[in-house]
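Some notes on the structure that comes next.
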Amino acid sequence: MEEEREALLEFKQSLVDEYGILSSWGREDDKRDCCYWRGVRCSNTTGHVIVLDLQVLVHSEPLKGTISPSLLKLYHLRHLDLSENDFSGSRIPEFIGSLNKLRYLSLSSAEFEGPIPSQLGNLSRLKYLDLSYINLNKSRDWLRIIDKLPSLRTLNLEHCHLPPIIPSDLLHLNFSTSSLGALYLFENSLSSSIYPWLFNISSKLVVLDLDSNLLQGSLLEPFDRMVSLRTLYLGFNELEGGIPQFFGNMCSLNTLDLSSNKLSGQLWDFIQNLSGGCMNNSLEIFILKELFLGKNGLNGTINQWLSRMYKLDALSLSGNSLTGVVTESVFSELSNLKALHLDDNSFTLKFSHDWIPPFQLIIILLGSCQMGPHFPKWLQTQNQIEVLDISDAGISDTVPDWFWDLSHTIADFNLSNNHIKGKLPNLSLRFDPFSSSIDISSNYFEGLIPPLPSNASVLNLSRNKFSESISFLCSINGHKLEFLDLSNNILSGRLPDCWMQFDRLAVLSLANNFFSGKIPKSMGFLHSNQTLSLYNNSLIGELPSFFKSCSQLILMDLGKNGLSGEIPTWIGEGLPKLVVLSLKSNKFHGNIPFQVCQLSYIQILDLSLNNISGIIPKCLNNFTGMAQKSSSNLAITSNYTFERQGIEFLESYVDNVVLTWKGSQHEYRSTLGLVKILDFSMNKLSGTIPEEIMDLVGLVALNLSRNNLTGQITPKIDQLKSLDFLDLSQNQFVGGIPSSLCQLSRLSVMNLSYNNLSGKIPLGTQLQSFNASVYAGNPELCGLPLRNKCPDEDSAASPERDDANTPEGEDQLITFGFYVSVILGFFIGFWGVCGTLLVNTSWRHGYFKFLTSVKDWVYLITAVNIAKLQRTFRD
């Protein structure tokens with residue numbers, strides 16, 4: 001059809017086709033039949049264009065540009081798919097709503113933004129609509145548009161940032177979309193206000209995905225009407241309570257995902273409620289094929305009910321509070337099982353040594369399940385494993401040879417946190433050909449690190465006993481490697497100079513080894529690097545300037561080496577995202593460059609134990625990361641991706657740093673984001689403390705000790721309300737201790753010793769609670785907790801007399817007559833009472849009866865008050 005061919009060519013002209021995706025489209029003689037163009041399909045009977053499918057294929061490049069209205073000339077178009085292309089944040093074209101014969105429309109992940117055009121409500125024949133991964137946060141009327149599509153069977157609005165539904169918007173709907181069978185609303189901001197709409201369209205729903213929304217409360221309506229459901233995803237919400245009994249009426253349900261909620265109770269109660277209703281009289285519990293209950297608050301154990309779920313192919317109970325011994329008998333009938341997630345519970349797995357499971361597992365997650373001390377032999381029967389986690393399992397064995405023979409199918413395996421010993425074989429020709437993740441950290445592997453898979457994306461060999469060099473790195477295809485942790489081994493030698501091939505490496509830790517020599521130049525090619533830790537090695541030389549091209553760095557820890565030279569100015573200019581910078585325990589000299597003040601996100605700056613001189617820059621108040629009182633994140637993380645069978649998974653690495661805290665070294669990891677430290681101690685800094693530092697109100701620790709700082713301690717120090725640690729010792733500070741220091745209520749460690757401070761220590765619970773040693777070496781200081789009293793304290797103890805007739809120091813009240821009166825009064829009073837009781841029997845009986853009644857009264861009052869306190873604490 002000439003008109004349709006020209007319409008398509010006009011459509012092509014509006015696009016930017018950098019890679020020749022539409023090269024088959026043209027007016028040349030050999031290209032005239034548009035029905036043979038890429039992505040175009042015509043009707044076999046009429047010859048009209050009925051399909052335009054330009055979805056980006058895997059590993060292909062997207063089309064760009066705009067969508068031409070010439071598509072309106074394709075009057076018979078039924079199927080339009082432009083997904084995965086790049087339309088640069090433009091709006092969904094309104095004219096698409098005039099393609100009235102469309103039955104299938106997919107614009108997913110095509111970089112559109114803005115609201116859904118109301119004209120889409122005109123597509124009365126539309127059966128399939130996919131707008132997933134488009135930012136629709138301004139589409140507050142999306143329900144009204146969807147309500148106008150009476151033929152719609154499948155709606156996909158995943159990851160569209162949809163806002164919560166306003167209840168008043170439901171008043172004008174006629175719920176004509178009752179034919180809707182599959183509804184995908186994963187990862188939006190929908191709340192329980194969507195329930196009334198679901199209640200009215202629920203009768204024919206077969207698939208419902210509400211994962212990763214804002215649903216709260218218990219599992220009530222509208223789910224009790226969804227008797228036709230086969231697949232229900234409600235994970236990653238805030239649902240509470242248990243599974244109601246009406247779930248047992250969902251006779252067709254074969255996939256149920258309730259993971260990552262706040263569900264609680266006994267696991268067995270869940271199973272009983274799921275198996276009620278239409279399944280009550282069946283020999284099998286129910287027909288579920290996939291059950292995901294991970295990351296909730298369930299307790300109890302696994303018992304024989306599991307063996308009756310013989311259709312089950314995926315079971316996830318990860319991250320609960322389940323306990324008990326799990327034996328092989330509970331798996332005896334599960335021949336279809338492909339995925340088993342029992343990790344992060346308190347199970348003990350007891351399988352016989354010669355057990356042969358009835359299943360072939362693809363995914364095995366058994367981390368923290370105790371199954372040692374021997375390596376689990378039943379794994380030898382599993383020849384389809386792609387993911388394996390048996391970390392923290394109490395294994396203290398060597399890895400048998402047969403395990404490495406299984407590895408050709410494994411894409412991801414984790415043996416970390418055991419006591420496994422031995423050497424690694426050559427792994428370069430093993431493992432999944434696409435990508436692999438290897439985590440054998442925190443074990444006792446030893447010897448030289450052998451060649452590893454060239455396709456590896458994650459390598460964690462930390463906390464072992466590997467030795468010698470790491471020359472194996474240069475044989476890895478570094479274009480896939482995103483995570484490399486070789487820390488805490490006994491590796492040595494020079495760092496290899498082949499880092500230019502690791503252009504995707506996000507996390508690199510070589511800390512706590514024995515590497516020597518200079519930092520190789522090729523490390524400047526780590527443009528994606530977010531975490532770089534070379535802490536505690538023997539590296540020498542100046543800090544190389546090529547690091548300024550690593551602009552994505554969040555953490556840079558080069559502490560405890562032999563690095564020298566001046567701190568370069570490019571640190572502030574080239575590393576704008578730094579949150580943690582540690583250069584401690586090196587040989588740096590010279591001044592602190594003022595350019596360091598450009599590190600606005602910095603929260604930990606440690607320059608201690610160097611030879612740095614000069615003054616402290618006044619511009620440190622530009623550290624906005626330290627000027628904020630609180631942090632939104634407990635941890636500091638670096639993100640990387642792991643590719644498994646062509647699918648990328650986003651992972652987060654929790655950074656860690658060794659910090660000197662309160663006199664000793666501690667490794668901070670999960671709470672590192674809360675720590676805000678400025679440590680310039682043990683250098684040769686001079687001058688005064690800039691008052692601008694007092695603007696860093698989020699500081700938790702300030703250590704300026706062992707320098708040559710002078711001047712007075714500023715009264716503005718009370719602005720540092722978050723300060724827990726303050727060390728200004730061994731400097732040359734003069735003057736008095738400001739009374740404002742008493743206002744730092746969180747201060748638990750302080751050291752002002754060995755300065756030239758003078759005067760009285762301000763009175764206040766805070767300063768008097770410290771040991772006298774924190775003020776030592778300041779001979780002109782006085783007052784508590786020191787022994788030397790201030791002059792005003794001596795005069796207050798012995799005030800001058802106004803009476804000229806009274807000798808100085810004589811006390812007129814305490815005289816010899818006073819002592820005689822006291823002794824005589826005691827003698828007369830004692831025998832006046834006791835003598836009378838001894839002589840008069842009736843008085844004696846009455847007195848002791850009175851004492852007994854007082855004792856009983858005190859006991860009763862005490863018992864009553866204790867009971868009240870106990871009830872209060874119980875409530």
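Each reported figure results from applying straightforward, stated rules to the coordinates on display, with no laboratory input. Since the structure is predicted, the reported quantities are computational estimates derived from the model, not experimental observations. Glycine gets a Cβ as well: all are built from the backbone with ideal geometry, and neighbour counts include every protein chain shown.
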note = Going residue by residue through the stretch 696-713, the Karplus relation 6.51 cos²θ - 1.76 cosθ + 1.60 with θ = phi - 60° gives ³J(HN,Hα) values, rounded to whole Hz and with x marking Gly or Pro, of 7, 5, x, 4, 9, 9, 10, 10, 10, 5, 6, 10, 10, 6, 10, x, 9, 6
remark   = If one compares the long axis through the Cα atoms of helix 841-874 with the longest principal axis of the Cα atoms of the chain, the angle in degrees, nearest 10, works out at 20 degrees
ask   = Once both axes come from the Cα atoms, what is the angle between helix 2-13 and the longest principal axis of the chain, in degrees from 0 to 90, rounded to 10?
value = 30 degrees
query = With +1 on each Lys and Arg Cβ and -1 on each Asp and Glu Cβ, how big is the dipole of the chain about its Cα centre, in debye rounded to the nearest 20?
reply = 920 debye
request  = State the antiparallel share, in %, of DSSP beta bridges confined to the chain, rounding to the nearest 5.
outcome  = 10 percent
message = Give me the mean projected area, in nm² to one decimal, of the convex hull enclosing the Cα positions of the stretch 398-514.
response = 6.3 nm²
inquiry  = I'd like the distance between the alpha-carbon centres of the stretch 61-131 and the stretch 228-265, rounded to an integer number of Å.
reply    = 34 Å
remark   = Once the mean of 1/r over all distinct C-alpha pairs in the stretch 482-709 is inverted, the Kirkwood radius in Å reads 17.9 Å
Cα gyration tensor shape for the chain, rounded if a/c is under 1.5, else prolate or oblate = prolate
key: Among I592, L605, L495 the positive-end extreme of the charge dipole of the chain (Cβ point charges)   = L605
query = Cross-link list K518/K560; K350/K377; K518/K577; K262/K338; K73/K101: which exceed 18 angstrom alpha carbon to alpha carbon?
reply = K518/K577; K262/K338
query = What are the semi-axes of the equivalent ellipsoid of the stretch 349-460, taken as the square roots of 5 times the eigenvalues of the Cα gyration tensor, listed largest first and rounded to whole Å?
reply = 21, 17, 12
inquiry  = Tell me which of I356, V734, L220 sits at the most positive position along the dipole axis of the chain, charges placed on C-beta atoms (Lys, Arg +1; Asp, Glu -1).
reply    = L220
At 0.692 mPa s and 37 °C, Stokes D of the stretch 189-268 from Kirkwood alpha-carbon radius, µm² per second = 258 µm²/s
query = So for the stretch 482-709: antiparallel DSSP bridges make up what percent, rounded to the nearest 5?
reply = 25 percent
ask   = Order of 139-146, 598-605 by packing, highest average Cβ count within 10 Å first?
value = 598-605, 139-146
